Amino acid sequence: MTLYSYWRSSASFRVRIALNIKGIDYQQAAVHLVRNGGEQHSDLYKGINPQELVPALIDGDNILTQSMAIIEYLDEMYPNPALLPQAPLARAKVRAMANIIATDTHPIQNLRVLQKLKYQGFSQEQVNSWVVHWIELGFISLEKMLKDVPQGQYFYGDTLTLADIAIAPQLVNAKRFGADLSKAPRVKEKIDRLMALPEFDKAKPENQADAE
């Protein structure tokens, strides 16, 4: 397998975690999202992912895109350890927590969104404020959701799930932009615990070969 990724990409971070949890050997191909106007816009990479985003995963003759779709593909192809509970309600709860970050919080502070804000005249301070607002809102929502799921070390009891993989990488942006996580103390505690796990630590941006 080959994972096309960028060291600072939260979506790439998620897939690296999933690959590590599954114990899958893979190679990385770096796609620099800023250098030379962004390598994701090159004709070569557009042939891999027409959306011009990372990550993309090559598995044999198959190309997969979108981090959450990739992770669920890996979970179905390599079912142990499972990243989703068996019960339908539990699966829905896990997916809901994961999507608070993956579909509602992360996309609107993605690099291309921030670049568009700057292009339209937003100052860096205004851009940072935009990012912080959405990160804090997402984390506060997660804090409230924790009341309605099994309690444990992780976001759904004591078993690693899709929720942990989707949520934990958002801490990097939270720290980078100075988000205040004091209103989401249990979320922060769980993420800190996750980041200490070897599967998560190995996947951290600063531990990638293309890290700057």
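The values are calculated or read from the model by the stated rules, or taken from the named source; none is laboratory data. These numbers come from a predicted model, not from an experiment. For neighbour counting, all protein chains shown are included, and Cβ atoms are generated from backbone atoms with ideal geometry for every residue, glycine included. Each accessible area value is taken on the protein alone, full model and side chains, heavy atoms only, with ligands, DNA and RNA left out. Shrake-Rupley method; radii C 1.70, N 1.55, O 1.52, S 1.80 Å.
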Of residues in segment 76-91 being closer than 11 Å to THR161 by Cα and hydrophobic (A, V, I, L, M, F, W, C), the one most open to solvent (accessible area, probe 1.4 Å): ALA82
Members of segment 98-133 that are open to solvent by 60 Å² or more (accessible area, probe 1.4 Å), part of a helix (DSSP H, G or I) and over 20 Å from ILE167 (Cα atoms): ARG112, GLN115, LYS116, LYS118, TYR119, GLN124, GLU125, GLN126, SER129
Selection from segment 191-206 of residues that are without any contact (Cβ under 8 Å) to a residue 40 or more places away in the chain and surrounded by 13 or more Cβ atoms within 10 Å (Cβ to Cβ): ILE191, MET195, LEU197, ASP201
Scope segment 168-212; condition of a type outside the set (Gly, Ala, Ser) and part of a loop (DSSP other than H, G, I, E, B); matching residues: PRO169, ASP180, LEU181, LYS183, LEU197, LYS202, LYS204, GLN208, ASP210, GLU212
Check on ALA30, open to solvent by 60 Å² or more (accessible area, probe 1.4 Å) and of a type in the set (Gly, Ala, Ser): yes
So MET68, is it within 18 Å of GLN170 (Cα to Cα) and either hydroxyl-bearing (Ser, Thr, Tyr) or open to solvent by 20 Å² or more (accessible area, probe 1.4 Å) (or both): yes
Unmet criterion (only one of (1) touching a strand residue (DSSP E or B) at 6+ places or on another chain (Cβ under 6 Å); (2) open to solvent by 30 Å² or more (accessible area, probe 1.4 Å); (3) in contact (Cβ under 8 Å) with a residue 40 or more places away in the chain; (4) under 25 Å from LEU114 (Cα atoms)) for VAL54: (2)
Which numbered condition VAL94 misses (of (1) within 22 Å of ARG176 (Cα to Cα); (2) open to solvent by less than 50 Å² (accessible area, probe 1.4 Å)): (1)
Among the candidates TYR45, TYR73, TYR6, residue that is of a type in the set (Phe, Trp, Tyr) and open to solvent by 30 Å² or more (accessible area, probe 1.4 Å): TYR73
Evaluation of ILE70 against (1) touching a residue at least 24 places away in the same chain (Cβ under 8 Å); (2) farther than 16 Å from ARG16 by Cα (one fails), failing number: (2)
